[in-house]
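What follows is one structure encoded as structure tokens, with my remarks underneath.
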Amino acid sequence: METVERRPFYLYSKPQINRNFEAYREALEGLNSIIGYAIKANNNLKILEHLRMLGCGAVLVSGNELRLALKAGFDPKRCIFNGNGKLLEDLVLAAQEGVFINIDSEFDLDNIVSAARIAGKKVNVLLRINPDVDPQVHAYVATGNKNSKFGIRNEKLQWFLDAVKAHPNELKLVGAHCHLGSTITKVDIFRDAAVLMVNYIDQIRDQGFEIDYLNIGGGLGIDYYHAGAVLPTPRDLIDTVRELVLSRDLNLIIEPGRSLIANTCCLVNRVTGVKTNGTKNFIVVDGSMSELIRPSLYGAYQHIELVSPPPPDAEISTFDVVGPVCESADFLGKDRELPTPSRGAGLVVHDAGAYCMSMASTYNLKMRPPEYWVEEDGSVAKIRHGETFEDHIRYFEGL
């Protein structure tokens, strides 16, 4: 049994990761497909190696994510490189390795052509088309409407097709891509986008291109509220687009991140103390926005509860759950009905597998926490060392 450090830590369930992947695998039966795990959601190397072993490809948004995917053993031909500002040196690596690259803009196309020439390789590209579909989510995670920085406008489609035709030695157009946003809870939104996308594919094929892939992105939401809501499943999502994909004989690429990893993990904290300012009650814990920034950044809700049942006589009050960081923005939850905890009690923030550890920082010199997972046999193993003050000092040695 692994000894867990007395500091905030992330704890994952490996069996839940398996169940989440299996839900996608079963939903995609009968389709030629790639489940491209979005590395930005969680970049723990051990988790990546496990997802690759299960059968995932990888979705990348930086050169370092590509390097990490290669380190984890992903097949480059099952990797997709996204992004609106991909750097030339990263594109050269992607071209050398043979990953799919999404064209996001005019300058992005120019850079991909340059990368192909430097690498001496023809690149398989997809056009990321902005379908202008409202995903009905927080503005920060909406990526498929006309005001988004991502993708090409559909009225520019012909310009891009002509540009690809002008570079037959560098580019091979193999697919079309869209990504609507994140935390989406209505699968008809995916169908609306897929209808538009297959129509674009028809237009592209009419010009002689052999389009084999439709990439509908990711973004399926989860039940952060733990209030019994019935949310769409991977099967619900795939079934809304299945007939469209089959009707055009396409390979489907799906890019789940949150829905594969979010509900597999919690951030475990200890209560430092309870205080009141006369009008507001606070539970102060050792975790903070440095370890988990989603509530502060997006106003996101994540369910919070005490690790152990409280005493029968524990008073129930309304608390803000806050950390020690010197910011009023430092909260993990607001206005939560909880039993008054004792000092040292454990408190967990649920559904912390996605966009939590990957967005953690060392603000206030709170060092990024360790990560553990529960194995299939119930044992606990460390899968990332917690950072230390000595790690921070090491960056300055020899200067």
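The values are calculated or read from the model by the stated rules, or taken from the named source; none is laboratory data. Computed from a predicted model, the values in this text were never measured in an experiment. Cβ: placed from backbone, ideal geometry, glycine included. Neighbour counts: every protein chain shown. Accessible surface is based on the protein model in full, side chains and every heavy atom, while ligands, DNA and RNA are left aside. Shrake-Rupley method; radii C 1.70, N 1.55, O 1.52, S 1.80 Å.
With the condition kept exactly as written, say whether any residue in segment 116-133 is surrounded by fewer than 18 Cβ atoms within 10 Å (Cβ to Cβ), under 15 Å from G63 (Cβ atoms) and modelled with pLDDT of 85 or more.
Checking segment 116-133: at least one residue is surrounded by fewer than 18 Cβ atoms within 10 Å (Cβ to Cβ), under 15 Å from G63 (Cβ atoms) and modelled with pLDDT of 85 or more.
Is there any pair linking a residue in segment 274-285 that is under 14 Å from K334 (Cα atoms) to one that is surrounded by 13 or more Cβ atoms within 10 Å (Cβ to Cβ) and aromatic (F, W, Y), with Cβ under 6 Å and at least six apart or on different chains, and which?
N281/F319; I283/F319
Pairs needed: first member in segment 59-75, without any contact (Cβ under 8 Å) to a residue 60 or more places away in the chain and in a loop (DSSP other than H, G, I, E, B); second member anywhere, open to solvent by 40 Å² or more (accessible area, probe 1.4 Å) and not hydroxyl-bearing (S, T, Y); C-beta distance under 7 Å; at least 6 residues apart or different chains.
Within 7 Å, the pairs are V61/K40; A72/L45; A72/E49; A72/R52; G73/E49; G73/R52; F74/R52.
Of everything in segment 221-247, what is in contact with a helix residue (DSSP H, G or I) (Cβ under 6 Å, 6 or more places away or on another chain) and surrounded by fewer than 17 Cβ atoms within 10 Å (Cβ to Cβ)? Give them in sequence order.
R235
Got a sec? Which of S62, S13 is surrounded by fewer than 22 Cβ atoms within 10 Å (Cβ to Cβ) and in contact with a strand residue (DSSP E or B) (Cβ under 8 Å, 6 or more places away or on another chain)?
When all the criteria are applied, what remains is S13.
What are the residue pairs meeting all of these: first residue in segment 323-339, first residue surrounded by fewer than 17 Cβ atoms within 10 Å (Cβ to Cβ), second residue of a type in the set (D, E) and assigned to a strand (DSSP E or B), Cβ atoms under 6 Å, and 6 or more apart or on different chains?
So the pair list comes out as K334/D320.
With the requirement that a residue be under 19 Å from L28 (Cβ atoms), outside any helix (DSSP H, G or I) and out of contact with any strand residue (DSSP E or B) (no Cβ under 8 Å at 6 or more places or on another chain), what does segment 189-221 give you?
none
Hey, does segment 271-290 have a residue that's of a type outside the set (S, T, Y), under 19 Å from T362 (Cβ atoms), open to solvent by 40 Å² or more (accessible area, probe 1.4 Å) and not in a loop (DSSP other than H, G, I, E, B)?
no
Might you let me know whether segment 211-220 holds any residue that is at pLDDT below 90, under 27 Å from I39 (Cα atoms) and open to solvent by 30 Å² or more (accessible area, probe 1.4 Å)?
no
Just give me the residues in segment 378-399 being in a helix (DSSP H, G or I) and open to solvent by 100 Å² or more (accessible area, probe 1.4 Å), in sequence order.
Matches in segment 378-399: F389, E390, R394.
Only residues in segment 172-191 that are at pLDDT below 85 count as the first member; pair them with residues that are of a type in the set (K, R) and open to solvent by 10 Å² or more (accessible area, probe 1.4 Å), Cβ under 8 angstrom, at least 6 apart or cross-chain, and list the lot.
Note: pairs meeting the criteria are S182/R258; T183/R258.
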